[in-house]
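S.K.: Please see the structure below; I have some questions.
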Amino acid sequence: MCRIRDFVVLKSSVIRLKHVFLLVPFLAGLLFWFCLPGELFETPYCTVILDRNGELLGASIAEDGQWRFPPREELPEKFVRAVTLYEDRHFFRHPGVDLLAVGRAAVDNFRSRKIASGASTLTMQVIRLSRNRRARTVPEKIREMILALRLELSSSKDEILALYAAHAPFGGNVVGLEAASWRYFSRSPEQLTWAESAMLAVLPNSPSLVFPGKKENQLLAKRNRLLDKLRRYGVIDGLTCSLAKAEPLPSAPHPLPMLAPHLLYRIRQDRQAPRKEAGGVSGSPGAERARFRTSLDGALQNRVNEIVLRHHGRLAANGIHNAAALVLDVDTGQALAYVGNIPDLRDRTHGNHVDVITAQRSTGSILKPLLYAAMLDSGEMLPRELVPDIPTRIGSFMPQNFTRTYRGAVAAREALARSMNVPAVRMLQAYGVDRFYDLLKSMGMTSLHRPASGYGLTLILGGAEGTLWDITGIYAGLARTVNLFFQDETERASPYGRPRYLLSAGEAAARPAVPMPGPGAAWATLEAMLEVSRPDEEGAWRNFTSSQRIAWKTGTSYGLRDGWAVGVTPRYAVGVWAGNADGEGRSGLTGIATAAPVLFEIFGLLDYSGWFEMPEADMAEVDVCAHSGHLAGPYCNETARMHVPLAGLKARSCPYCRPVQCDASLQWRVHGSCERIGSMRRVNRFVLPPAWEWFYRRNHSDYQPLPPYRSDCMESFPEGGSASLSLIYPRGNGEIYVPVELDGTRGRTVFEAAHRNPDLRIYWHLDEEFLGTTRDIHQIALDPEPGPHTLTLVDENGERLVETFRVLAVENKN
C-alpha cells in the first residue's frame with residue numbers, strides 16, 4: 001500500500017512540475033511581448049509647417065531646446081545606403097541582433113581587455129537612444145538586445161530606420177536627419193549629395209567630439225572613408241566618389257527657413273491636431289501633432305514676404321512699422337499666403353512678432369459693402385437709389401464724410417465707391433443695427449463680443465473690431481457665392497465655411513456653412529466695388545492702374561490708426577492691413593495710401609481669370625427712374641433699364657417724381673384755392689426734400705428747383721407747414737443738449753435750416769420772439785433754456801415752418 005501511495009504522490013508531483021515547465025515559457029513570452037514601452041520615445045519635437053507641396057516653410061525649436069523634427073515615413077535612398085553600410089551592413093538581414101557581430105565583438109573585447117566594439121545594430125541603437133543612452137554595461141547591452149528583438153517583431157525595417165534617423169544626435173542641439181540636413185546644408189534630405197549624405201551618416205557615431213566647425217579634419221577623414229567604402233561595394237562609381245570627396249564640409253549651422261513665422265506660432269498656440277491612432281510611425285507619439293501641411297504656396301508666400309518687407313521701408317519713414325497680408329483661394333477658402341506682420345522678427349521694438357492677421361483692429365469703412373449687399377438682397381434698396389447725404393445728428397452721434405462736405409443725395413453704389421460715411425449711417429439706420437450685427441456674426445465675424453446696442457450706428461464706421469482673417473474670408477465668401485451659381489448642384493451644395501490654413505479633409509468637413517447674400521446681390525456689390533473713385537485723393541488713385549478688374553475696398557479707422565484694403569477676383573481674395581501694432585496713429589495712415597499699394601502689387605503676382613459672370617437667373621431687368629434710381633413710378637419722365645437682384649422687384653417706386661400744379665406760364669406754382677382748375681397745368685418734376693436739395697444743387701447744376709408759389713397763393717397756404725423750408729437741426733419733436741463750456745458757463749447750439757431758394761431770407765423766431773435773419777447759409781447759434789420750445793421760420797414769401805423741440809437739462813458736476 002505504501003508503494004502505491006508513494007507512486008501516486010510521485011505522479012502528481014510530476015504533473016505539477018510539467019505544468020510549471022509549461023507555464024514558464026508562457027510567462028517568459030508574455031514578459032517578452034510586453035517589455036517594449038507603448039511609446040518608445042517621449043521626446044518633444046519641433047513644430048514643423050510645410051507648404052501645400054511639402055516644402056519646408058519653417059520650424060520652431062522643441063521644448064527641450066533641441067532641433068528635432070518629427071519622424072518621417074520615408075528616407076532618401078542615399079542616406080539609407082550610406083548609414084547602413086557604415087553602421088550596420090547586415091541591417092536588412094538580421095532580426096535585430098547580429099550574432100556574428102556579437103561574437104566578433106566579444107573576441108575583440110577579450111583580446112583588448114576593454115570594450116573596443118559594441119556590436120550594436122541600428123535597431124539596438126534605436127533602443128539605446130530611447131533609453132537616453134545609458135551607460136555601456138553588459139546587463140544594459142543584454143537589455144538592448146532583448147528590446148531590439150521585440151521591436152523587430154512589431155515594426156518594419158523602414159520604420160526602425162525612420163526612428164533612428166529622427167532621434168540620432170548630429171552635434172550641438174541638432175537631433176535627427178531632417179534637422180541636420182536643414183541646419184548644415186539648408187536643404188531637405190532628398191536633395192543631399194553623396195558627400196553630404198555620407199557626412200551625416202558618420203556624424204552620429206561621435207557627435208559631441210566631431211561635427212561641422214569642430215575637428216573638421218577628423219570628420220572629413222571619416223566621411224571620405226565611407227565614400228571609398230561605398231565605391232568598393234559598388235554603390236557609387238569612381239568618378240562620383242572623387243567628385244564627392246572634393247566637396248567641402250559645411251562651416252557652421254545655418255538658420256532654418258522662416259517664411260511664415262506668424263502662422264507657425266498660430267499653429268503652435270491654437271491647433272491641437274488629434275493623435276494618429278494607426279498608420280503612423282511606431283514609437284513616435286506627437287509626430288503627427290508636430291508636422292503640419294498647410295495650404296500655403298511656398299513660392300507665393302516668399303514673394304508676398306518680399307512685397308511687404310519692401311513697402312515697410314516706405315511706411316517706416318512715416319512712423320508706420322507694421323503690415324500684414326493674406327491671400328485666399330476663393331473657391332476653397334484656403335490660405336495661399338499668410339504674412340502676419342513684417343517678416344523680420346529680429347526687431348521686436350515695433351511689435352513685429354505680433355500676428356496682425358488674427359489681431360482685432362478697428363474696421364473703419366471696410367464693412368460698408370456688406371451692408372450694401374444685405375440691403376440689395378432684402379430688396380430694401382436698389383444700386384442707383386438715392387441716399388441722403390446731409391448733416392445728420394442722431395443723439396450725440398454726428399457722422400461726417402472724409403471730405404467734411406455734403407452732396408445732399410447720392411446714389412447708393414456711388415456712396416459705396418466713394419466710401420461716404422453719412423449715407424452709410426443712414427443706410428444702417430434704415431436696415432437696423434441688430435439685423436446687420438446678426439448678419440456679420442453669421443457671415444463669420446468672430447470679434448463682435450458686445451451686444452449690438454453696444455456698437456450702435458458706429459458699427460459701420462469702425463466702431464467694432466475685426467480681424468484680417470475674418471474680413472478677408474467674408475469677402476472671399478461673397479465672391480464664391482457668385483462662382484457657385486454657375487456650378488452644378490453637387491458643387492453648389494458644398495458649404496463655403498470659414499478660411500483655413502491646413503490641407504486637411506477632416507478640417508474642411510468640420511467647417512460650418514456660412515450664409516451669404518444671394519448671387520445677384522453679391523454680383524451687384526462686386527460691380528459697385530469696381531468703381532472706386534476718390535476725387536479727394538485722385539493723386540493716389542492714379543498709381544493703381546491695372547489690367548485686372550478687381551473689386552476692392554479700403555478702410556481707415558478713427559484717429560488714423562488702421563489702414564485696410566481688401567480686393568477680390570473670381571479666383572482670389574487679398575486682404576492687407578497697415579499700421580502700428582501698439583495702436584499709434586500717424587498722419588497719412590489711410591487705407592488707400594498704405595494698404596492699397598501692397599494690395600495691387602500682390603494681385604500683380606496672381607493669375608488673372610477674368611471677371612464674374614452676371615447671374616442672370618437671379619437678376620431682373622427693370623425700369624428705374626433716371627434721377628432717383630428707384631423703380632420707375634407713374635410720374636418719372638426719364639427712365640433707364642438696369643439689372644437688379646430679384647428682391648429688387650419689391651422695392652418701392654420713385655417717391656421724388658411727382659406732379660406739380662403750375663399756372664399757364666409754368667413760372668409759378670398754384671393750387672385750387674388761388675387758381676381756376678381749367679387754367680392750371682400739371683407737370684411732372686423731380687423734387688427732393690428741401691434739406692437734401694440745398695446741398696444737392698451745389699453738385700448738380702442741371703437740377704431744377706420747383707418754381708415758387710404765386711403771391712396770392714401764399715395767403716391760403718396751410719399754417720405750420722412749408723414746401724420750401726426744412727429744418728436740418730434740431731429735428732422736429734427732438735431732444736437736444738446745450739453744451740457747457742470748460743469754465744462752467746452755458747454754451748450755444750447751432751440751429752440750421754435749408755431753403756429751396758438760397759437767395760431768400762429766413763426770419764427766425766423762438767417762442768414767438770424774433771431772433772434774427774439769415775441768408776444763403778441759414779445757421780444761427782442759440783442757447784435756449786431747458787424745457788419745451790417752439791421754433792418758427794418765415795421766408796420772404798411768407799412760407800412758414802413751425803417745429804417743436806425740448807432742451808434737456810445738463811447736470812453741473814462741479
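The values are calculated or read from the model by the stated rules, or taken from the named source; none is laboratory data. Everything numeric in this text was worked out from a predicted model, so none of it was measured. Don't worry about glycine lacking a Cβ; one is built from the backbone with ideal geometry, like all the others, and counts go over all protein chains shown. With ligands, DNA and RNA removed, areas are computed over all heavy atoms of the protein, side chains included. Shrake-Rupley method; radii C 1.70, N 1.55, O 1.52, S 1.80 Å.
S.K.: Which ones in region 723-745 are among the charged types (D, E, K, R) and at pLDDT below 80?
M.R.: Those that are among the charged types (D, E, K, R) and at pLDDT below 80: R731, E741, D743.
S.K.: Right, next: Which strands (runs of 3 or more DSSP E) sit wholly inside region 294-395 and have at least 3 residues that are buried (at least 23 other Cβ atoms within 10 Å of the Cβ) and touching a Gly at 6+ places or on another chain (Cβ under 7 Å)?
M.R.: 322-329
S.K.: With respect to the numbered conditions (1) open to solvent by 20 Å² or more (accessible area, probe 1.4 Å); (2) out of contact with any Lys or Arg (no Cβ under 6 Å at 6 or more places or on another chain), which one is the sole condition not fulfilled by W611?
M.R.: (2)
S.K.: With region 744-804 as the region, which strands (runs of 3 or more DSSP E) entirely inside it contain at least 3 residues that are hydrophobic (A, V, I, L, M, F, W, C) and either under 22 Å from W692 (Cβ atoms) or more than 54 Å from the chain's Cα centre (by Cα) (or both)?
M.R.: 749-755, 761-766, 787-795
S.K.: Do we find that A148 is in a helix (DSSP H, G or I), modelled with pLDDT under 85 and either touching a helix residue (DSSP H, G or I) at 6+ places or on another chain (Cβ under 7 Å) or under 27 Å from E63 (Cβ atoms) (or both) in this structure?
M.R.: Yes: the conditions hold for A148.
S.K.: Looking at L605, L599 in this structure, which one is outside any helix (DSSP H, G or I) and closer than 22 Å to V330 by Cα?
M.R.: From the options L605, L599, the qualifying one is L605.
S.K.: Among the numbered criteria (1) closer than 29 Å to R131 by Cα; (2) modelled with pLDDT under 90, which single criterion is violated by S12?
M.R.: If we test S12 against (1) closer than 29 Å to R131 by Cα; (2) modelled with pLDDT under 90, just (1) comes out false.
S.K.: If you don't mind, there's one more thing I want to ask. Could you check, for region 583-606, whether at least one of its residues is exposed (fewer than 13 other Cβ atoms within 10 Å of the Cβ) and charged (D, E, K, R)?
M.R.: No, region 583-606 contains no residue that is exposed (fewer than 13 other Cβ atoms within 10 Å of the Cβ) and charged (D, E, K, R).
S.K.: Still on this structure, I have one more. Any residue that is open to solvent by 10 Å² or more (accessible area, probe 1.4 Å) and touching a Phe, Trp or Tyr at 6+ places or on another chain (Cβ under 7 Å) - is there at least one of those in region 567-574?
M.R.: So far as region 567-574 goes, yes, one or more of its residues are open to solvent by 10 Å² or more (accessible area, probe 1.4 Å) and touching a Phe, Trp or Tyr at 6+ places or on another chain (Cβ under 7 Å).
S.K.: Looking at S419 and the list (1) within 21 Å of R561 (Cα to Cα); (2) under 19 Å from the mean Cα position of the chain (by Cα), which single condition is not satisfied?
M.R.: (2)
S.K.: Pick out the one residue from E803, E769, E785 that is open to solvent by 40 Å² or more (accessible area, probe 1.4 Å), within 13 Å of P730 (Cβ to Cβ), charged (D, E, K, R) and modelled with pLDDT of 80 or more.
M.R.: E803
S.K.: Can you tell me which residues in region 165-197 are charged (D, E, K, R), part of a helix (DSSP H, G or I) and out of contact with any His (no Cβ under 9 Å at 6 or more places or on another chain)?
M.R.: E178, E190, E196
S.K.: Among the candidates L243, L259, L239, L249, which residue alone is farther than 21 Å from R89 by Cβ, in contact with an Asp or Glu (Cβ under 6 Å, 6 or more places away or on another chain) and open to solvent by 30 Å² or more (accessible area, probe 1.4 Å)?
M.R.: L249
S.K.: (1) at pLDDT below 90; (2) under 49 Å from the mean Cα position of the chain (by Cα); (3) among the basic types (K, R): which one isn't true of R183, the others all being true?
M.R.: Against the list (1) at pLDDT below 90; (2) under 49 Å from the mean Cα position of the chain (by Cα); (3) among the basic types (K, R), R183 comes up short only on (1).
S.K.: Which ones in region 154-204 are free of Cβ contacts under 8 Å to residues at least 24 places away in the same chain and either open to solvent by 20 Å² or more (accessible area, probe 1.4 Å) or over 25 Å from G58 (Cα atoms) (or both)?
M.R.: S156, R187, Q191
S.K.: Please go through region 269-315 and give me each residue that is of a type in the set (A, V, I, L, M, F, W, C), within 24 Å of A168 (Cβ to Cβ) and modelled with pLDDT of 55 or more, ordered by number.
M.R.: Across region 269-315, the qualifying residues are A287, A290, F292.
Yes or no, residue by residue, for (1) open to solvent by 70 Å² or more (accessible area, probe 1.4 Å); (2) in contact with a Leu (Cβ under 9 Å, 6 or more places away or on another chain); (3) modelled with pLDDT under 75; (4) assigned to a helix (DSSP H, G or I):
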| residue | (1), (2), (3), (4) |
| --- | --- |
| V80 | no, yes, no, yes |
| R93 | yes, no, no, no |
| G96 | no, yes, no, no |
| A101 | no, no, yes, yes |
| A105 | no, no, yes, yes |
| N109 | no, no, yes, yes |
| G118 | no, no, yes, no |
| I127 | no, yes, no, yes |
| P139 | yes, no, no, yes |
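S.K.: When only residues in region 512-533 that are modelled with pLDDT of 65 or more and small (G, A, S) count, which is surrounded by the most Cβ atoms within 10 Å (Cβ to Cβ)?
M.R.: Only one residue fits best here, namely A521.
S.K.: Does region 444-451 include one or more residues that are in a loop (DSSP other than H, G, I, E, B), modelled with pLDDT under 95 and at positive phi?
M.R.: Scanning region 444-451, I find at least one residue that is in a loop (DSSP other than H, G, I, E, B), modelled with pLDDT under 95 and at positive phi, so the answer is yes.
S.K.: Additional query: Report yes if A509 is at pLDDT 60 or above and either assigned to a helix (DSSP H, G or I) or touching a Ser or Thr at 6+ places or on another chain (Cβ under 9 Å) (or both), otherwise no.
M.R.: no
S.K.: Still on this model: Of everything in region 402-437, what is part of a loop (DSSP other than H, G, I, E, B) and either of a type in the set (A, V, I, L, M, F, W, C) or crowded, with 19+ Cβ neighbours inside 10 Å (or both)? Give them in sequence order.
M.R.: The answer is F402, Y406, R407, R418, S419, M420.
S.K.: Please state which one of G351, G395 is at positive phi and without any contact (Cβ under 8 Å) to a residue 60 or more places away in the chain.
M.R.: Every option except G395 fails the conditions.
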